[in-house]
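Readers should treat all values here as calculations from the given coordinates under stated rules, not as data from a laboratory. This structure is a prediction, so every number in the text was calculated from the model and none was measured. A quick note on method: Cβ atoms are made from the backbone with ideal geometry, for glycine too, and the neighbour counts reach across all protein chains shown.
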Amino acid sequence: MKLITTIFIFFIINLFEFTMATTNDLNFNYVDKQGNYKKSSLREIISNEHPVFKPENNRYHIYHSFGCPFSTRVLITLKLKGLENCFDTSVVDYIVNKSVGWAFTSTTEGCTIDRVNNFKTVKEIYQLNDKNYNGRVTLPILFDKKTNVIVNTESSDIMRMLNSEFNQFSSFGKEKIDLYPKEYQDRINEINDFILPTINLGVYKCGSAENQQDYTEKFNILFDALERMEEILKRDRYLVGSDKITESDIKLFSTLIRFDAAYLQLFKCNKRQIKEFPMLSNYTRELYQMKEIQSTINFHHIKYWLFTFFDKVNPLKLVPIGPDLQWLNETHNRHLMSKYY
Ligand SMILES: *[C@@H]1O[C@H](CO)[C@@H](O)[C@H](O)[C@H]1NC(C)=O
Ligand SMILES: *[C@@H]1O[C@H](CO)[C@@H](O)[C@H](O)[C@H]1NC(C)=O
Ligand SMILES: *[C@@H]1O[C@H](CO)[C@@H](O)[C@H](O)[C@H]1NC(C)=O
């Protein structure tokens, strides 16, 4: 009875939040007209203290797109934490019909049907929480198979939950990696807050600029921020002063890996390629060459999604054949940066 009451309250709260989310602009989904990040309203946090959503093996499902960087950060976290057996996943189609939104297909290479509900569209998943839902439909989605509702659609929250709440189900056993270690949390938050508006969303802001002055401004902010990352990486192997990869690296990498392949041309972020930055290029190589990370990167999905989805900047939806991305597999020397070897 108590559980049912809690679930009911959870619905009421979400119903209220949903009525506040009204924009349904599939273009530049994550940024509002002022260029600010639009946070998700579905943000329940799984924990032993949560009345409904407890950490459990094989209870939750992740819906994602290989195209979308906010999905990639969650997928990388999942792999680095050894949680592939704890969560199952569905992969949405990278070709999006704007009148339907994100949808499932069984015929596109590398995509799946909705493995939980067998829905045709992602919007139907949102409608399990609110049957009149008509707001933003974004990925990734952390979904509860037990109560059959969405738990959380905010990638940063999902990363934190995967990092801290499911360690007992990790296939790595005791040898856990902590992507948000206590001693570095302030620094990680600081870096995350810096790279979100300038780099992670900075590329989209260049692409969504509607006049020369706005574009120039966003372009300069983006490349100044990349230079700042380059400076950090001259000193340290990873973004936060430890010898270990943290969530900040995952967030930066998810943008860097799309940069030369798509953003540079699509969003006119063409001051410099990532492969031309001495530190950022080797840093991107190192992360890409980790097998857990490489398994989350599908350039076909990345390019086809980006070049067809943002039709305002690419109305004919032609997908460029290049560039050559072989450089990502070349050797790097980042291990020499280690302070502890
Ligand atoms: C998009 O979906 C609508 C509604 O199902 C359909 O009528 C239309 O043909 C689709 N467009 C494309 C390009 O597939
Ligand atoms: C890098 O090498 C791996 C393993 O051979 C291959 O699967 C992948 O496609 C390569 N990546 C690029 C960008 O060429
Ligand atoms: C990047 O790695 C390559 C291969 O180890 C190395 O030759 C090059 O000097 C590195 N670049 C920098 C800036 O360290």
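Net charge in the neighbourhood of Gln294 (other residues with Cβ under 13 Å of its Cβ; Lys, Arg +1, Asp, Glu -1) is +1.
3J(HN,Hα) along region 127-141, derived from phi through the Karplus expression 6.51 cos²θ - 1.76 cosθ + 1.60 where θ = phi - 60°, amounts to 6, 6, 7, 8, 5, 9, 4, 9, x, 5, 10, 10, 10, x, 10 Hz, with x in place of Gly and Pro. When the chain is modelled as a GNM with alpha-carbon springs shorter than 10 Å, which of Thr296, Thr246, Thr107 fluctuates the most? Judging by the Gaussian network model, the answer is Thr107. Here the sum of -39500 (n - 2.57) over DSSP H runs of 4 or more residues, divided by the residues of the chain, equals -11500 deg cm²/dmol at 222 nm, to the nearest 500.
Looking at the chain, the DSSP beta bridges with both ends there are about 75 percent antiparallel.
Note on region 94-128 and region 173-192: Cα centroid distance 33 Å, given to the nearest whole angstrom. With a length cut of 24 Å (Cα positions projected on each helix's long axis) and a Kyte-Doolittle mean of at least 0.0, go through the chain and give me the DSSP H helices that pass. Long hydrophobic helices here: 2-20.
Taking the fewest neighbouring Cβ atoms within 10 Å as the starting point, the ordered list for Arg285, Arg43 is Arg43, Arg285. Taking other residues whose beta carbon is less than 11 angstrom from the beta carbon of Lys251, and scoring Lys, Arg as +1 and Asp, Glu as -1, yields -2. Between Tyr184, Tyr283, Tyr94, the GNM of the chain built on Cα springs shorter than 10 angstrom shows Tyr184 fluctuating the most. Note on region 207-235 and region 152-170: Cα centroid distance 30 Å, given to the nearest whole angstrom. Counted by neighbouring Cβ atoms within 10 Å, the residues Cys111, Cys68 run from fewest to most as Cys111, Cys68. Dimensions of the chain from C-alpha coordinates, computed as largest minus smallest value along each principal axis and given longest first, are 60, 50, 37 Å. GNM remark for the chain: springs join alpha carbons under 10 Å apart, and the peak mean-square fluctuation among Gln168, Gln127, Gln213 falls on Gln213.
Within a Cβ distance under 9 Å of Asp311, other residues only, what is the Lys/Arg minus Asp/Glu net charge? Once all neighbours under 9 Å are counted, the net charge is +3.
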